[in-house]
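**Q** Got a structure here, written out as C-alpha cells. Questions coming.
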Ligand code: NZQ
Ligand code: ZN
C-alpha cells in the first residue's frame with residue numbers, strides 16, 4: 001500500500017433543515033458575505049429566500065453575484081473578485097451546482113491577485129490564499145462541495161482548465177437532498193454519469209493492494225446504479241436523492257484515492273469537449289466512458305474488468321474473463337444510454353471530427369495521458385472517433 005495523507009477539512013451539514021446553522025458558520029469569518037449563484041434556479045426553489053432570511057437573522061451584510069453559467073467563465077471569476085476587493089468581503093457563500101461552487105473557489109483565490117484570474121488557471125501565479133468558502137449544494141454530481149478543485153472555461157481561447165489548490169477547500173458544506181428534487185431528468189442523469197466516472201477513473205488501475213478501497217468504490221458505484229433510476233422516476237424520493245448526494249461527495253473527496261491516485265483519462269478528454277462545444281460535463285463523460293473502457297481492454301487489463309463486471313454488475317464469475325469484461329462494457333453502456341436516457345454519440349449532440357486533433361493534443365498536453373492505459377494524441381483521436 002502506498003503512503004498517503006488523509007485530510008478533508010470540510011464540515012458537512014447533511015440532511016433537511018440544517019440551514020439554521022448557516023448564520024453561525026458564516027459569522028465565524030466576519031460580517032460581509034458575498035453570495036454567488038447561477039441562472040436563478042435557487043430562486044425558483046425557494047432556497048434564495050431561506051438563505052437571505054438566515055443571513056439577516058445573523059445580522060450579516062449581504063452582497064450578491066448571480067448569473068454564473070454552467071461551465072463557469074473566467075469573466076464571472078473576475079467579476080466576483082472585483083466585488084470582494086471593492087467591498088472587503090469576509091466570506092463567500094456559493095449556492096448551486098458544481099459550476100457555482102467552482103467559480104466561487106476561484107473568486108476566493110483571485111481576490112488575492114491583482115491581475116486577470118486566468119493567470120491563476122495558467123499557473124502563472126501561486127495560490128497561497130483564498131477567502132473562506134461555504135457552500136449550499138443543489139445538484140449531486142461534481143463533488144466540488146468537499147474537494148479543493150475547480151474547473152473554469154475561457155470562451156476566448158476555447159480552453160477549460162481544472163486545478164486543485166488546498167486553500168480553496170470549502171470550510172463548510174450544506175447538503176440537503178431535498179434541494180435536488182427540482183433537478184431535471186437530464187441533469188440528474190448527467191450528475192450520475194459524472195460521479196460514476198469519478199470512481200471509474202480511480203478504480204481502473206492495476207494496483208491490487210487496496211482491496212478495502214476497491215470494495216468501497218464498488219459499493220459507491222452500485223449505489224449510483226441502484227438510485228439514479230429511482231431519482232429519474234421519482235424526483236422527490238428522499239432516499240434516492242440522499243444516496244446520490246452523499247455518493248457524489250465521497251466519489252471525489254480524496255478518500256477512495258488512498259495513495260493510488262494516478263492521472264485521470266476521461267476527464268481531460270471531456271474538458272476539451274466542453275471547452276469547445278459547451279456541452280454538459282456528465283454527458284461528455286457518458287459518451288466517452290464505454291469507448292475508453294473498450295479501448296483500454298486487453299490481456300493485461302482484463303482482470304480489472306473481470307473484477308468490475310462480477311462485483312458491480314453481478315456478471316457470472318464462471319464466464320471467461322474477456323467475456324465478463326465485454327459484457328461489463330455493454331452493461332455500463334446500457335445503464336448510461338438506456339436507463340439514464342443520455343445521448344450515446346457525438347453525432348447526436350452535433351460534434352464531428354473537425355476538432356479531434358486539436359482537442360487530443362490539448363488533452364494530453366502534447367505528451368501522454370499517463371492513466372490506466374497511457375494514451376497519446378493518436379489514441380485519444382481514436383477514442384473520439386469511436387464516439388461518433
Ligand atoms: O444556473 P442555475 O439556474 O442554478 O441552473 C443549474 C444549471 O443550469 C441547474 N441546477 C442546479 N441545481 C438545480 C438546478 N436546476 C433545478 N434545481 C436545482 N436544484 O443545473 C444546471 C447545471 O448546473 P452545473 O452547476 O453546471 O452542474 P454540475 O454540478 O454538474 O457542474 C458542472 C461543472 O463542474 C465541473 C464541470 O467541468 C462543470 O464545469 N467539475 C468540477 C469538479 C470539481 N470541482 O471537482 C469535478 C468535475 O469532474 C467537473 O469537472
Ligand atoms: Zn467530473
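The values are calculated or read from the model by the stated rules, or taken from the named source; none is laboratory data. Values in this document were obtained by computation on a predicted structure and should not be read as measured data. Every residue, glycine among them, receives a Cβ derived from its backbone with ideal geometry; neighbour counts consider all protein chains shown.
**Q** For residues that are at pLDDT below 95 and touching a helix residue (DSSP H, G or I) at 6+ places or on another chain (Cβ under 9 Å), scanning just the stretch 372-388, find the one that is surrounded by the most Cβ atoms within 10 Å (Cβ to Cβ). Outline the logic, then answer.
**A** Residues of the stretch 372-388 that are at pLDDT below 95, as a first pass: 372-374.
Next, only the ones that are touching a helix residue (DSSP H, G or I) at 6+ places or on another chain (Cβ under 9 Å) stay: 372-373.
Working: 372: 23, 373: 17.
Among those that are at pLDDT below 95 and touching a helix residue (DSSP H, G or I) at 6+ places or on another chain (Cβ under 9 Å), it is 372.
Okay, residues lined up against (1) within 20 Å of residue 143 (Cα to Cα); (2) within 16 Å of ligand 1 (Cβ to nearest atom):
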{"site": "76", "(1), (2)": "no, yes"}
{"site": "80", "(1), (2)": "no, yes"}
{"site": "84", "(1), (2)": "no, no"}
{"site": "88", "(1), (2)": "no, no"}
{"site": "95", "(1), (2)": "yes, yes"}
{"site": "98", "(1), (2)": "yes, yes"}
{"site": "107", "(1), (2)": "yes, yes"}
{"site": "112", "(1), (2)": "no, no"}
{"site": "115", "(1), (2)": "no, no"}
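**Q** Sticking with this structure for a sec: Pairs only if they're at least six apart or on different chains, beta carbon under 6 angstrom, first in the stretch 315-344 and within 20 Å of residue 194 (Cβ to Cβ), second in a loop (DSSP other than H, G, I, E, B); list them, first residue then second.
**A** Sorted first by the residue in the stretch 315-344, then by its partner, the pairs are 328/313; 331/313; 336/342; 337/344.
**Q** Please note which helices (runs of 4 or more DSSP H) are completely contained in the stretch 257-315 and include at least 2 residues that are within 13 Å of ligand 1 (Cβ to nearest atom). Before the answer, list the steps.
**A** Details: elements: 266-277, 281-296, 302-312.
In the stretch 257-315, the matching helices (runs of 4 or more DSSP H) lie at 266-277, 281-296.
**Q** Further question: Being under 21 Å from the mean Cα position of the chain (by Cα) and in a helix (DSSP H, G or I) is the filter here; which residues of the stretch 361-383 pass it?
**A** 362, 363
Yes/no per residue for (1) surrounded by 15 or more Cβ atoms within 10 Å (Cβ to Cβ); (2) at pLDDT 95 or above:
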site: 329; (1), (2): yes, yes
site: 336; (1), (2): yes, yes
site: 346; (1), (2): yes, yes
site: 350; (1), (2): no, yes
site: 361; (1), (2): yes, yes
site: 370; (1), (2): no, no
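**Q** Only one of 105, 85 is assigned to a helix (DSSP H, G or I), within 16 Å of ligand 2 (Cβ to nearest atom) and at pLDDT 95 or above. Can you tell me which? Break it down stepwise before answering.
**A** Values: 85 fails: within 16 Å of ligand 2 (Cβ to nearest atom).
From the options 105, 85, the qualifying one is 105.
**Q** Assigned to a loop (DSSP other than H, G, I, E, B) and closer than 23 Å to residue 87 by Cα - does that describe any residue in the stretch 5-25?
**A** First pass over the stretch 5-25, keeping only residues assigned to a loop (DSSP other than H, G, I, E, B): 5-10, 15-18.
Subsequent filtering for residues that are closer than 23 Å to residue 87 by Cα retains none.
Checked the stretch 5-25: no residue is assigned to a loop (DSSP other than H, G, I, E, B) and closer than 23 Å to residue 87 by Cα.
**Q** Here's something else I'd like to know. Which ones in the stretch 152-163 are more than 14 Å from the chain's Cα centre (by Cα) and either outside any strand (DSSP E or B) or surrounded by fewer than 24 Cβ atoms within 10 Å (Cβ to Cβ) (or both)? Break it down stepwise before answering.
**A** Pass one, the stretch 152-163, residues more than 14 Å from the chain's Cα centre (by Cα): 153-159.
154, 155, 156, 157, 158, 159, listed by residue number.
**Q** Okay, next question. Which residue out of 244, 220 is away from ligand 1 (no atom under 14 Å from the Cβ), in a helix (DSSP H, G or I) and assigned by TED's automatic domain parsing to the domain that holds residue 280? So that I can check it myself, show each step before the final result.
**A** Values: 244 fails: away from ligand 1 (no atom under 14 Å from the Cβ).
After ruling out the rest, the residue left standing is 220.
**Q** Let me ask something else. How many residues are on the phi < 0 side of the Ramachandran plot and in a loop (DSSP other than H, G, I, E, B) if we restrict to the stretch 26-59? Walk me through how you get there before you give the answer.
**A** Start the filter on the stretch 26-59 by keeping residues that are on the phi < 0 side of the Ramachandran plot, which leaves 26-29, 31-39, 41-45, 47-58.
Checking the rest, the ones that are also in a loop (DSSP other than H, G, I, E, B) come to 28-29, 31, 37-39, 45, 58.
Within the stretch 26-59, residues that are on the phi < 0 side of the Ramachandran plot and in a loop (DSSP other than H, G, I, E, B) number 8.
**Q** Moving to a separate point now. Against the condition within 14 Å of ligand 2 (Cβ to nearest atom) and either part of a helix (DSSP H, G or I) or surrounded by fewer than 23 Cβ atoms within 10 Å (Cβ to Cβ) (or both), how does residue 196 come out, does it pass? Reasoning before the result, please.
**A** Working: within 14 Å of ligand 2 (Cβ to nearest atom): yes; either part of a helix (DSSP H, G or I) or surrounded by fewer than 23 Cβ atoms within 10 Å (Cβ to Cβ) (or both): yes.
Spelling it out, residue 196 is indeed within 14 Å of ligand 2 (Cβ to nearest atom) and either part of a helix (DSSP H, G or I) or surrounded by fewer than 23 Cβ atoms within 10 Å (Cβ to Cβ) (or both).
**Q** Can I ask one more? Among the numbered criteria (1) away from ligand 1 (no atom under 16 Å from the Cβ); (2) exposed (fewer than 11 other Cβ atoms within 10 Å of the Cβ), which one does residue 25 miss?
**A** (2)
**Q** Which residues, counting only those in the stretch 29-51, are away from ligand 1 (no atom under 14 Å from the Cβ) and in contact (Cβ under 8 Å) with a residue 60 or more places away in the chain? Working first, answer last.
**A** Taking the stretch 29-51 and keeping what is away from ligand 1 (no atom under 14 Å from the Cβ), we get 29-34, 49.
29, 30, 33, 34 - these are the residues of the stretch 29-51 that are away from ligand 1 (no atom under 14 Å from the Cβ) and in contact (Cβ under 8 Å) with a residue 60 or more places away in the chain.
**Q** Can you confirm whether the stretch 288-296 contains a residue that is crowded, with 19+ Cβ neighbours inside 10 Å, more than 12 Å from ligand 2 (Cβ to nearest atom) and without any contact (Cβ under 8 Å) to a residue 24 or more places away in the chain?
**A** Here is the first cut: in the stretch 288-296, the ones crowded, with 19+ Cβ neighbours inside 10 Å are 288-293, 296.
Pick out the ones that are also more than 12 Å from ligand 2 (Cβ to nearest atom) and you get 290-293, 296.
If we keep only those that are without any contact (Cβ under 8 Å) to a residue 24 or more places away in the chain as well, we get none.
No, the stretch 288-296 contains no residue that is crowded, with 19+ Cβ neighbours inside 10 Å, more than 12 Å from ligand 2 (Cβ to nearest atom) and without any contact (Cβ under 8 Å) to a residue 24 or more places away in the chain.
**Q** For the stretch 138-151, give me each residue that is outside any helix (DSSP H, G or I) and either within 12 Å of the chain's Cα centre (by Cα) or not assigned by TED's automatic domain parsing to the domain that holds residue 21 (or both). Break it down into steps so the answer makes sense when it comes.
**A** To start, the set of residues in the stretch 138-151 that are outside any helix (DSSP H, G or I) comprises 138-143, 147-151.
Matches in the stretch 138-151: 139, 140, 141, 142, 143, 147, 148, 149, 150, 151.
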